[in-house]
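Written out below as structure tokens is the structure these notes cover.
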Amino acid sequence: MAGKDDFTEATKVTIRLDASANGCTGMFWRSKPEMNASVQAPDWPRNGATFKGWKSVEHPGWVKVDHPKDYWLPIEQHGKPVCHFN
């Protein structure tokens, strides 16, 4: 069973998005940690974008983005990494 997430300043990481291995120019935000929960927001991250967030323990394979709307992103898509950690 997964533990509790600790979304604090101390556990925040830098994330760089690169979905080019899947032929994508970026990735739509997710409203929750599910692939079918895409959000059509104009500020979706394009390849090369960096942002802050947290690796989720409760939802393995997902990051919660430090964004006013509490967006999520998958760490991988189609078996290829899209979120890279600095």
*Mind checking which residues of segment 53-69 are touching a Ser or Thr at 6+ places or on another chain (Cβ under 8 Å) and within 21 Å of CYS24 (Cα to Cα)?*
TRP62, VAL63, LYS64
*Report, ordered by the first and then the second residue, all pairs with beta carbons closer than 7 Å, sequence separation of six or more or different chains, a first member in segment 58-86 that is over 18 Å from ARG46 (Cβ atoms), and a second member that is of a type in the set (Phe, Trp, Tyr) and surrounded by 12 or more Cβ atoms within 10 Å (Cβ to Cβ).*
TRP62/TRP72; LYS64/PHE7; LYS64/TRP54; LYS64/TRP72
*For THR14, state whether it is in contact (Cβ under 8 Å) with a residue 60 or more places away in the chain and polar (S, T, N, Q).*
yes
_Which count do you get for residues in segment 35-69 that are on the phi < 0 side of the Ramachandran plot and assigned to a loop (DSSP other than H, G, I, E, B)?_
21
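Since every read-out is calculated from the coordinates, none of them should be taken as a lab result. Since we're looking at a predicted model, the values are computed, not measured. With ideal geometry, Cβ positions are generated from the backbone for all residues, glycine too; neighbour counts draw on all protein chains shown.
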